[in-house]
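Just below is one structure, and these are the notes that go with it.
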Amino acid sequence: MGPDFPTDIALAVSGGGDSMAMLTLAHNWTRVWGLRLWVVTVDHGLRPEAATEAAMVAEECAALGHPHAVLRWHSDGQGNLMDAARRARLDLINRWRGGISHVLMAHTADDLAETFLMRLARGAGVEGLSAMAPLRRVHLPGPVLPLPAADVTGACPPQPATRAAEFSVLRPCLDMRRAELRHYLRTLRGRWVEDPSNDDPTYDRVRMRHLLTTLEPQGLGPDILAEAARRQARAAEALRARAAQVWEALRPPAGDARAREGEILFDRAGFQDVERDTQLRLLAAAVRFVAGSAYPPREAPLEALLDRLLGGGGGTLHGCEARCDRDRLVVFRELAAVEGPVRLGAAPVLWDGRWQVFRPDLKGLTLRALGEEGWRQRPPGQEPQRPHASARSCPAVFDGDRLVACDVFGPDAGAAPLAQFCPFGRQMPSFRSFLLSR
């Protein structure tokens, strides 16, 4: 078992057949291994039945002797509802988990197959078609805000003095079929509910679930598609290693003054000689890294931007701008996409999801992008540490309209630097490490 073996573990249970079967399985093996199981249900508020289903899960947990909590989400109605709900689920669980570092989820081989078909229909490449991992490390950007008391019912794990910034999502049922878990529950006379949205064809996943019933008799059932997704995951791992190898050849040399925090630069001639798939992978990763984006850009606009760069041009994508210099390709943050102004306090501030600002002596002043206004106030006779285009989106402190501090023009005498680049809200060892991560 070892010293890192957890004493407590969490399980997300919706009330559906998969997660209720997982609850029964986890009840048995956590008792054998001496772990304390904490159960959490996220009520997204999208269906009136959800509260009743959460109450059913609470009843089952009480009968089994496990603490249970219900977390409620309030949608703002903007954007892709299903994607927002998935993100909210992770955020709420992260805020609830306290010192627990492992969260179980009951995804199955059927989920792998449905996701594979959904992404195939969108024209995804190897990375998009890859199977979800049995173990995924999750780090959500920004501070961990406390859950409002009105949005939590039930037991919350103890909150330690210091908590790990990351947690692990474990999916132990990825080799199992949904029907197996249902059979297990029926044998034990277990309870579960069927979500009526599982039959609503307006959802992509439901349409793919129905399509699978047609494909399976033709030899393209969930097991076959899930295995194809696993093979794509292995291929993606090899392609990530290739991209990291190419980056080491194309990156600025150690000590190159042009290698600046918050930007990615490639040797232009070397980049043009690389195979196209690796070019796309490097460009997509650079855009994500610089913008601190949780998701990669879509394939079609990414390909279009790559073509413009290879032709000597540039463009914007996913909150970033890419340009060709004489001998470099450079990716930096797009000015129009950066976060708005914030008031500085005594505590460190994460600005634009990417810059940690830690100057308490600037309390009460305004932090915003340098912009054209700040660039015009650059100290006379001092060489800026970035070119004009990329400098404008860097963090700067203003007193009204007057520029007070910006690292583009060097730190004040005796003062600490204004900001540290923290993509995704955390310190990232290197772009190479990011390329190798999933």
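Points worth noting:
Residue-wise test of (1) open to solvent by 60 Å² or more (accessible area, probe 1.4 Å); (2) touching a His at 6+ places or on another chain (Cβ under 8 Å); (3) over 29 Å from Ala369 (Cα atoms).
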residue: Arg242; (1), (2), (3): yes, no, yes
residue: Val246; (1), (2), (3): no, no, yes
residue: Gly255; (1), (2), (3): yes, no, no
residue: Gly270; (1), (2), (3): no, no, yes
residue: Gln279; (1), (2), (3): no, no, yes
residue: Leu283; (1), (2), (3): no, no, no
residue: Ala286; (1), (2), (3): no, no, no
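- Failed item, numbered, when Ala150 is tested on (1) loosely packed, with under 14 Cβ neighbours inside 10 Å; (2) more than 19 Å from the chain's Cα centre (by Cα); (3) of a type in the set (A, V, I, L, M, F, W, C); (4) assigned to a loop (DSSP other than H, G, I, E, B): (4)
- Every pair of residues 6+ apart whose Cβ atoms lie under 6 Å, when the first sits in region 406-420 and is assigned to a loop (DSSP other than H, G, I, E, B) while the second is at pLDDT below 80: Pro417/Pro411
- Subset of region 161-173 (residues that are open to solvent by less than 30 Å² (accessible area, probe 1.4 Å) and assigned to a loop (DSSP other than H, G, I, E, B)): Arg171, Cys173
- Number of positions in region 6-20 that are assigned to a loop (DSSP other than H, G, I, E, B) and either touching a helix residue (DSSP H, G or I) at 6+ places or on another chain (Cβ under 7 Å) or closer than 19 Å to Glu194 by Cα (or both): 4
- Among the residues of region 19-54, those that are of a type in the set (Gly, Ala, Ser) and either in contact with a Lys or Arg (Cβ under 7 Å, 6 or more places away or on another chain) or buried (at least 16 other Cβ atoms within 10 Å of the Cβ) (or both) comprise Ser19, Ala21, Ala26, Gly45, Ala50, Ala54.
- Subset of region 311-334 that is of a type in the set (A, V, I, L, M) and out of contact with any Ser or Thr (no Cβ under 8 Å at 6 or more places or on another chain) - its residue that is most open to solvent (accessible area, probe 1.4 Å): Leu317
- Index of the failed condition, Gly99 passing every other in (1) open to solvent by 30 Å² or more (accessible area, probe 1.4 Å); (2) out of contact with any Pro (no Cβ under 6 Å at 6 or more places or on another chain): (2)
- Of all the criteria given as (1) surrounded by 15 or more Cβ atoms within 10 Å (Cβ to Cβ); (2) within 30 Å of Trp73 (Cα to Cα); (3) not hydrophobic (A, V, I, L, M, F, W, C), the one not satisfied by Pro158 is (1).
- Unique residue being farther than 16 Å from Leu104 by Cβ and among the hydrophobic types (A, V, I, L, M, F, W, C) when the list is Ala21, Ala50, Ala10: Ala50
- When Arg182, Arg189, Arg230 are checked against the criterion of being closer than 24 Å to Met132 by Cα and either open to solvent by 90 Å² or more (accessible area, probe 1.4 Å) or modelled with pLDDT of 95 or more (or both), a single residue qualifies: Arg230.
- Every residue from region 338-357 that is open to solvent by 40 Å² or more (accessible area, probe 1.4 Å) and aliphatic (A, V, I, L, M): Ala346, Ala347, Leu350
- Here Arg308, Arg276, Arg288, Arg298 are screened, and the one residue that is under 20 Å from Pro252 (Cα atoms) and among the charged types (D, E, K, R) is Arg288.
- Scoring Gly364 on the criteria (1) over 25 Å from the mean Cα position of the chain (by Cα); (2) closer than 19 Å to Asp399 by Cα; (3) in a strand (DSSP E or B) leaves a single failure, condition (3).
- Selection status of Leu71, crowded, with 16+ Cβ neighbours inside 10 Å and closer than 26 Å to Glu180 by Cβ: no
The values are calculated or read from the model by the stated rules, or taken from the named source; none is laboratory data. Being a predicted model, the structure only gives us computed values, none of them experimental. FYI the Cβ positions are ideal-geometry reconstructions off the backbone, even for glycines, and counts take in every protein chain you see. Surface areas here come from the heavy atoms of the whole protein model, side chains and all, with no ligands, DNA or RNA. Shrake-Rupley method; radii C 1.70, N 1.55, O 1.52, S 1.80 Å.
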